[in-house]
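A.B. asks: My questions will all concern the structure given below.
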Amino acid sequence: MKNANPVLALTLLAVWAALVGCGRGTPAEAAPSPPKGAAEFFPIAVGGRTVRLQLAVRLPEMQRGLMERRDLGPDDGMIFVYERPQRLGFWMRNTPTPLDIGFFRPDGTLAEVYPLHPFDETRVASRGEELQFAVELNQGWFREHGVRPGARLDLDALRAALRARGFDPRRHGL
């Protein structure tokens, strides 16, 4: 570059520096993360003990539940989140894993716990009619951890999990 024009060289250097510098600044606001999917586990305390729960919010997720699942960890399960309080009922169609189900009131208080047996299609219905959340965990979990009616569900963690899934917690009474 013996005969190179110094003005041209400086201009090219300035353009290169400007291009390299682009995109290095801190964005004013990071792009929002896409909503997490139905297979995601969220830490939510049940009776003061943190478990990992998948959220069943949409009707197809609720209908599928834990069908065909054999891979639940000792503190893994699913929470079914309804938009309004109601009487709840579950069965175990195509579900090989023995489970317990806990029915919770809108304020997060555990009201009832029942065992669910593999492949049993007999409907297990709540006695109460003002229930909004159902938590399925491995059979014996509630007893083994001393979680009895009156225990609490961590509604703050549930709100955060709903937001992470892209749902408005207010639609679910939270």
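Please treat every number below as a calculation from the coordinates, not as lab data. Here the structure is a predicted model, which means the values were calculated and not measured. A quick note on method: Cβ atoms are made from the backbone with ideal geometry, for glycine too, and the neighbour counts reach across all protein chains shown.
A.B. asks: Region 70-151: which chymotrypsin sites (Phe, Trp or Tyr not before Pro) are DSSP loop and have at most 13 other beta-carbon atoms within 10 angstrom?
C.D. replies: Counting only loop positions with at most 13 other Cβ atoms within 10 Å, the chymotrypsin sites (Phe, Trp or Tyr not before Pro) in region 70-151 are Phe119.
A.B. asks: Can you give me the relative contact order of region 42-172 as a percent, contacts being Cα pairs under 8 Å and 6 or more apart?
C.D. replies: Numbers: 281 pairs, mean separation 38.2, N = 131.
Relative contact order, region 42-172: 29 percent.
A.B. asks: Can I ask one more? Tell me the Rg and the Dmax, in Å, that the Cα atoms of region 42-172 produce.
C.D. replies: 13.3, 34
A.B. asks: With θ taken as phi - 60° and the coefficients 6.51, -1.76 and 1.60, list the Karplus ³J(HN,Hα) couplings across region 90-101 in order, rounded to whole Hz; mark glycine and proline as x.
C.D. replies: 9, 9, 10, 3, 6, 10, x, 8, x, 10, 10, 10
A.B. asks: Multiply the residue gap between Arg148 and Thr50 by 0.36 nm, knock off their C-alpha separation, and tell me the result in nm, one decimal place. Working shown, then result.
C.D. replies: Numbers: separation 98, 0.36 × 98 = 35.28 nm, distance 1.51 nm.
That pair, Arg148 and Thr50, stretches by 33.8 nm at full extension.
A.B. asks: What is the set of long-range amide H partners of Val51 at a cut-off below 5 Å, with H atoms built 1.01 Å from backbone N?
C.D. replies: Amide H to amide H, under 5 Å and 5 or more residues apart or across chains, Val51 pairs with Ile44, Ala45, Val46.
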